[in-house]
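Accompanying notes for the structure given below.
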Amino acid sequence: MKIGLFVPCYVNALFPEVGVATYKLLKHLDVDVNYPLNQTCCGQPMANAGFEAKAVPLAERFEEMFKDYDYVVAPSASCAAFVKLNYPRLLKGKHFCLSDNKIMDVCEFLHDVLKVKSLPGKFSHKVSLHNSCHGVRELNLSSASELNIPSYSKIKDLLKLVEGITVYEPDHVDECCGFGGMFSVEEPAVSVRMGTDKINNHIATGAEYITGPDSSCLMHMQGIARRTDKEIKFIHVVEILAAGL
Amino acid sequence: MSSKESILSNIRKNICQQFDMPDTEIRGIRYDDTVKQFIETSKTVGGSVEILNGKDDINDVVRRCYPDAKKIASNLPEIKIATVNPDSVDKAQDLNDTDVTVVKGDVGVAENGCIWIPQATKEKAAYFICEYLVIIISQKNIVNNMHEAYKKIEFNDYGFGSFISGPSKTADIEQALVMGAQSARGVTVILTE
Amino acid sequence: MSTKHAIAAERFLADKEGSVWHNQSIGYARTKRDTMAKGIPEWEQLRKLSSEIKRHTVTHLDYYLEEFSKHAEANGVIVHWAKDANEHNDIVYDILQKHNVKKLVKSKSMLTEECRLNDFLFSKGIDVVETDLGERILQLMGIPPSHIVMPAIHIRREQVGKLFEEKLNTEKGNSDPTYLTRAARMHLRNEFMTADAGMTGGNFGVAATGDVVVCTNEGNADMSTSMPKLHIASIGIEKIIPNYDCLSVFVRLLARSATGQPTTTYTSHFRKARPGGEMHIVLVDNGRSDILGNAEHWETMKCLRCGACMNTCPVYRRSGGYSYTYFIPGPIGINLGMLRSPQQYSDNVSACSLCCSCDNVCPAKVNLSEQIYRWRQSLDSIGKADPMKKAMSKGMTYLFDHPLIYQKSLYLAPLINSMPRFMIYNGLNVWGKGRELPTFAKESFEQMWKKGKLK
């Protein structure tokens with residue numbers, strides 16, 4: 001099983017430690033994982049802004065780059081969801097899309113494919129889990145709060161394998177943080193209010209860290225927390241899972 | 001072309017693809033004790049419930065619930081305390097200031113406290129204009145859910161009926177729930193055998 | 001660069017206390033909906049069935065409309081067909097004029113709001129009295145609704161108190177909701193008693209029987225139609241459903257989704273005119289038959305107008321109905337507005353973070369977020385794309401399609417971290433309006449990989 005590691009554009013530039021943690025964790029779990037060079041972006045920011053045609057060359061690049069891999073694993077629920085749900089449509093008429101069946105968010109991969117049952121690390125802290133929208137509602141990483149379905153959370157299952165951790169969830173457990181890609185700059189007032197409310201809900205759990213599967217959400221909330229001098233810390237889920245590696 | 005023909009032909013021209021009717025038989029929620037659930041729900045929606053035993057006189061029950069009622073509207077022969085018959089008023093407005101209206105309900109629904117009341121009097125205002133509404137219904141006519149209810153309801157010749165669940169209410173001012181908006185401010189359900 | 005929605009939302013949020021309260025109040029409706037949904041084991045099955053019934057019905061709408069009108073007419077009801085809003089208003093005025101109506105009492109109807117009926121009738125000298133408490137408050141204030149089910153949700157009790165002091169002679173300083181509701185009851189009772197005609201909308205029209213079904217909590221639709229002998233019911237053509245088996249699915253979903261109640265107090269079926277009276281139904285198209293021809297957006301015809309999408313929408317809750325340029329706000333409003341006129345209502349398309357919560361609460365499973373995404377794709381071709389977003393998208397695409405340039409830029413990016421604040425945080429930096437910029441990593445992941453730091 002050959003795994004291609006996809007490191008999203010903003011993770012590459014702003015949070016490379018998330019990519020590092022993903023790589024180290026997969027290697028620790030004996031996965032044959034490689035990072036093909038010259039990676040850029042899945043195309044989500046442009047598409048959600050209304051310019052999905054601009055994402056097509058990036059989709060073609062992505063397909064080509066990962067054509068020889070069995071799975072493509074990314075430490076980003078929204079990027080994985082974007083590829084899965086949109087690439088078949090974007091590539092229609094160009095060639096048969098393969099990426100949608102290969103792409104997985106790293107938490108999804110660990111939980112559903114590797115079926116990880118133990119992790120080596122320790123993280124003796126209280127964390128509040130941020131259930132990113134696309135992770136919940138497009139990738140089914142956890143049961144959406146709106147639906148009457150049995151409750152589950154793949155991320156919580158994974159986090160509980162880490163020694164010493166206490167996992168909380170905020171009120172309004174999967175309400176949007178307000179990032180939404182270019183929404184954050186097109187509707188800045190609403191975006192910041194949404195983020196502020198979300199941070200306050202997380203802080204109210206008593207947690208020291210906010211953690212989630214999407215660095216974009218964390219980046220947006222972190223920006224607000226820093227501006228308002230809130231002491232809460234931010235860490236991607238995969239960094240916790242890879243603790244000690 | 002008439003507007004009707006124009007609208008219909010535009011619809012026909014525009015429909016992109018068609019879908020079949022699904023199977024609408026659905027197993028709706030069921031309760032171990034349907035009557036008990038109905039009583040509970042009736043209270044949750046703001047009503048009160050009186051259970052009538054064989055030997056109770058319904059008029060006594062109404063009197064007990066509404067001792068100060070002066071104008072009582074009903075066309076039910078067993079409601080001896082009625083002071084006005086909605087069948088025989090000149091106009092609906094004459095029923096204003098009705099304290100209590102007593103009616104019969106045909107089907108009660110446990111999941112939401114609804115009671116089907118087909119219009120059975122000349123002036124349906126009687127059901128809505130009163131301060132308090134008393135609905136008499138047999139325990140035998142309580143069903144679990146609206147799927148079951150809609151299979152049973154019937155109309156009289158008046159061609160009007162309403163499912164009524166508790167008193168009229170509003171939360172339009174700051175989401176503060178207030179009982180008694182434009183219609184009955186209280187409902188008593190009298191359950192007979 | 002900002003859309004009208006973004007500008008209006010900023011103003012809305014400047015009232016900190018009011019906007020926090022608005023968010024909480026509407027959020028409470030979502031919470032109550034959740035409680036209801038979780039209490040019905042077959043809830044998701046109901047939603048699926050509702051969507052399938054609606055898909056079938058709207059794609060056979062001609063048949064069901066003919067069935068509906070045939071049965072209604074057999075019951076002695078007079079059925080009218082209105083191609084558009086103007087024709088609707090003319091039909092209604094014509095009926096009222098024939099009956100010498102001076103005062104019309106009406107229950108809540110977003111359709112009549114869509115047709116601007118009230119203003120039209122006022123201009124013809126007919127007094128129209130809204131009888132839903134929330135709508136009456138707004139009518140007395142002279143302002144429009146901000147939510148399709150809870151129209152006055154944005155109005156505080158003190159404002160209602162002051163209004164009623166002025167218009168209804170209530171006690172000075174008394175803003176208790178029960179007291180104010182009682183005062184409205186007395187005032188509206190008088191209006192019902194002296195009205196010449198009653199008008200309702202309709203939540204459903206049942207094709208198999210010709211019933212118009214009206215759901216209210218206040219009883220105002222029933223009061224409006226129990227005293228005056230003339231009843232006019234106006235409904236959009238998408239409200240028609242096949243039969244009672246189908247109706248039972250919808251009524252179980254409607255109030256639970258809209259207000260978190262197991263049912264509205266009254267679910268009234270109007271089949272015939274009152275003895276000695278007349279009942280009219282006006283079936284209104286006003287663009288709906290055209291929507292059916294829109295392959296990407298016809299599923300908005302499934303909408304039950306419950307408002308659940310607004311109640312869950314984190315953007316609507318923090319911007320309020322008045323921030324939207326279309327009279328219906330929230331996720332469904334964005335879509336309906338664009339269907340009405342993309343040129344006129346494109347400002348609302350920015351009001352969405354694509355969180356998809358609306359899709360999950362919609363009792364008819366309208367694919368709201370997907371449709372908003374699709375409208376976003378169309379903005380450029382109608383000349384409504386935001387220039388800043390367009391430039392950013394173009395720039396990003398160039399950068400991402402040239403990986404070597406992208407990687408080179410990442411070498412330089414960390415310089416931004418040490419730039420003086422006044423250079424980064426100014427009017428040009430929209431991100432910086434409420435947030436600190438993230439810190440560029442000294443080494444990107446790819447740089448580390450290339451240097452062999454990770455093997």
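Every number here is computed from the coordinates shown, using simple stated rules; none is lab data. From a predicted model like this one, the values you see are computed outputs, not experimental measurements. Backbone-built Cβ (ideal geometry, glycine too); neighbour counts: all protein chains shown.
Between residue C:66 and residue C:86, what FRET efficiency follows from the Cβ-Cβ distance if R0 is 25 Å, with the result rounded to 0.05? It comes out at approximately 0.55. Measuring r between the beta carbons of residue A:38 and residue B:43 and using R0 = 41 Å, the FRET efficiency lands at 0.05.
Note on residue B:97 and residue C:295: the model spin-label points, each 7 Å out from Cα along the C-beta direction, lie 6.8 nm apart. Label-to-label distance for residue B:19 and residue A:114 is 4.1 nm, based on points extended 7 Å past Cα in the beta-carbon direction. Compared with the dominant principal axis of the Cα atoms in chain C, helix C:403-412 is inclined by about 70°.
Inter-chain neighbour count for A:52-61: the average number of beta-carbon atoms from partner chains within 10 Å of each residue's beta-carbon is 3. Taken along the Cα-to-beta-carbon direction at a fixed 7 Å, the label points for residue C:159 and residue C:122 span 1.7 nm. Ranked by the mean number of other Cβ atoms within 10 Å of their residues, highest first, the peptides A:154-165, B:174-185 fall in the order B:174-185, A:154-165. I'd like the FRET efficiency for residue C:24 and residue C:454, computed as 1/(1 + (r/R0)^6) with the beta carbon distance as r and R0 of 30 Å, rounded to 0.05. The calculated FRET efficiency here is 0.05. I'd like the distance between the alpha-carbon centres of segment C:194-238 and segment C:339-386, rounded to an integer number of Å. For segment C:194-238 versus segment C:339-386, the Cα centre distance is 32 Å.
What you get for segment C:47-114, charging only the Cβ of Lys and Arg (+1) and of Asp and Glu (-1), is a dipole of about 440 debye around the Cα centre. Taking a ≥ b ≥ c as the square roots of the eigenvalues of the alpha-carbon gyration tensor, the protein assembly as shown is classed prolate because a/c is 1.5 or more and a/b outweighs b/c.
Remark: mean inter-chain Cβ contacts per residue of A:141-150 equal 5, using a 10 Å Cβ-Cβ cutoff to other protein chain atoms. The long axis of helix B:34-44 is offset from the longest Cα principal axis of chain B by roughly 80 degrees. Assuming a ≥ b ≥ c are the square roots of the Cα gyration tensor eigenvalues, decide whether segment A:126-241 counts as rounded (a/c under 1.5), prolate (otherwise, with a/b larger than b/c) or oblate. Oblate shape, in that a/c is at least 1.5 and b/c is the bigger or equal ratio. May I ask you to list the residues of segment B:42-65 whose amide nitrogen lies under 14 Å from a point 7 Å from Cα along the Cα→beta-carbon direction of residue B:153? The answer is none, because no backbone nitrogen lies closer than 14 Å to the label point.
Within straight-line reach of residue C:408, meaning a Cα separation under 17 Å, sit the following lysines at least 8 residues removed in sequence or on another chain: C:442, C:450, C:451.
Quick one: of B:80/C:272; A:67/A:198; B:152/C:102; A:67/C:394, which pairs are farther than 29 Å apart, Cα to Cα?
The answer is B:80/C:272; A:67/A:198; B:152/C:102.
Translational diffusion coefficient of segment C:1-40 (Stokes-Einstein, Kirkwood radius from Cα pairs, 4 °C, 1.567 mPa s): 109 µm²/s.
Roughly speaking, what is the centre-to-centre gap between segment B:112-168 and segment C:158-178 when only Cα atoms are used, to the nearest Å? If we compute the Cα centre of each part, the gap is 35 Å. The smallest convex shape that holds all Cα atoms of chain C, its convex hull, gives 183 Å³ per residue.
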